[in-house]
Amino acid sequence: MTPERETVPASEPLPGAPPHIRERLATLVLPVLLPILGLLALVVLALATGRYSVPVGDVFGILAGKLFGLPMRAEPAMQIVVLQVRLPRVLAALVVGAGLAAAGATYQGLFRNPLVSPDILGVSAGASLGAVLGIFLALPVAAIQGLAFAGGLGAVAAVYAVGAAVRRHDPVLTLVLAGVAIGAVLGSAISLLKVLADPYNQLPAITYWLLGSLASASLGDVAAILPAILLGLVPLMLLRWRMNLMSLGEEEARALGVETRVLRPVLIAAATLVTAAAVSVTGVIGWIGLLVPHVARLLVGPDFRRLLPASLILGAGYLLAVDLVARTIAPIEVPLGILTALIGAPFFLWLLASGKRGWA
């Protein structure tokens with residue numbers, strides 16, 4: 001009589017693999033692979049959809065021809081639309097969305113506050129003041145972006161200098177309060193420049209920039225901000241396991257061997273660099289750094305080792321989807337800041353009302 005063979009449920013991945021391999025596949029690979037596949041599908045949809053529709057097959061053909069030098073059978077107009085009009089803003093949406101979401105997750109964990117967003121330390125206000133000043137002085141686009149980038153970094157540097165000078169017992173609370181105060185001052189300066197600006201030319205440009213948009217994004221803009229964003233994301237990825245200790249609090253983290261006086265400035269500088277680079281090209285786009293980390297936390301939990309990659313993927317997909325809606329929902333393009341607020345605020349209220357799990 002032959003012994004019965006052990007059967008493995010069909011739902012288990014890799015039935016012949018050891019249990020720890022199956023568990024790792026189920027808990028790590030699949031939750032990452034599926035969102036990436038969904039993000040790639042969204043990229044193709046964004047390249048194919050718009051005022052001038054392009055078949056999906058032609059999109060693949062155009063991309064393959066550009067990457068591998070294959071002959072393109074699509075019409076020249078389709079090639080221009082895909083490569084020169086939609087591809088730059090798709091890449092910008094991916095880079096900026098991922099960067100803002102990662103910065104938001106870092107700030108929320110670092111300050112142990114679920115209401116913290118990338119502009120908590122005044123980086124968005126500083127970048128806005130730099131850009132508004134550039135528009136007011138009628139500077140070239142590259143100079144405006146450079147001033148926005150420098151303004152964001154300068155604002156956070158001022159906040160950190162104030163926090164270091166005050167030297168209160170709670171350094172986190174000091175930084176937050178200093179950020180609120182510096183942001184208010186920078187906001188008043190922006191309002192003053194709007195009052196002094198030419199109401200026919202400069203003021204509309206300032207208003208449109210402050211609402212955020214990817215309409216003017218180019219491959220050169222993506223290439224310009226990509227090194228800064230990568231420079232900020234690399235230390236966040238390498239130090240993400242230490243964020244779990246930083247979220248415990250100042251004294252607890254020190255008791256576990258974390259030098260918070262060194263690690264906190266590094267994390268703040270990295271997240272600020274990412275935010276300033278993103279805002280310098282797209283303008284102020286709110287709610288991504290606040291909302292996306294919450295959604296990622298509900299999906300993968302508060303462990304920052306998984307939370308940061310999940311925020312990167314979700315942030316890239318969210319901004320890409322919002323940009324797709326912004327350029328197709330109406331005869332004119334809707335600024336991204338309006339849509340992110342209209343979508344983000346009700347969803348955030350729903351999370352507050354129905355959430356049963358803590359934020360950390």
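Every number here is computed from the coordinates shown, using simple stated rules; none is lab data. Bear in mind the structure is a predicted one, so any value in this text is a computation, not a measurement. All Cβ positions, even for glycine, are placed from backbone atoms using ideal geometry, and neighbour counts span all protein chains on display.
Some points to look at:
- The calculated FRET efficiency for A215 paired with A161, based on their beta-carbon distance and R0 = 30 Å, is about 0.25.
- Normalised by the number of residues in the chain, the average gap of Cα pairs under 8 Å and 6 or more apart makes the relative contact order 25 percent.
- For the pair Y52 and I80, label points projected 7 Å from Cα toward Cβ lie 0.6 nm apart.
- Subtracting the Cα-Cα distance of L299 and V141 from their residue separation scaled by 0.36 nm leaves 52.9 nm.
- For the stretch 279-360, trypsin sites (Lys or Arg not before Pro) meeting the loop criterion (DSSP other than H, G, I, E, B) and having at most 10 other Cβ atoms within 10 Å: K356, R357.
- Kyte-Doolittle at least -1.0, axis length at least 24 Å by Cα - qualifying DSSP helices, the chain: 30-48, 87-111, 141-166, 171-196, 219-238, 260-282, 304-326, 336-354
- For the stretch 201-360: Kirkwood Rh in Å [reciprocal of mean 1/r, alpha carbons]: 17.5
- Selection from P71, Q202, I120, by position along the positive dipole direction of the chain (Cβ): I120
- Dipole moment magnitude, nearest 20 debye, the stretch 234-360 about Cα centre, only Lys, Arg, Asp, Glu C-beta charged: 260
- Exposed-loop-free span, longest in the chain, where GluC sites (Glu not before Pro) count as exposed if DSSP calls them loop and at most 13 other C-beta atoms lie within 10 Å: 7-258
- For the stretch 274-351 and the stretch 35-60, distance of Cα centres in Å: 19
- D198 long-range amide H proximity, modeled H, under 5 Å: L203
- Mean residue ellipticity (222 nm) of the chain, computed from DSSP H runs ≥ 4 via -39,500 (n - 2.57), nearest 500: -23500 deg cm²/dmol
- When Rg and Dmax are taken over the Cα atoms of the stretch 237-282, they come to 12.7, 41 Å.
- Normalised alpha carbon radius of gyration of the stretch 140-198 [divisor 2.2 N^0.38 Å]: 1.37
- Rh (Kirkwood; distinct C-alpha pairs) - the chain, Å: 22.0
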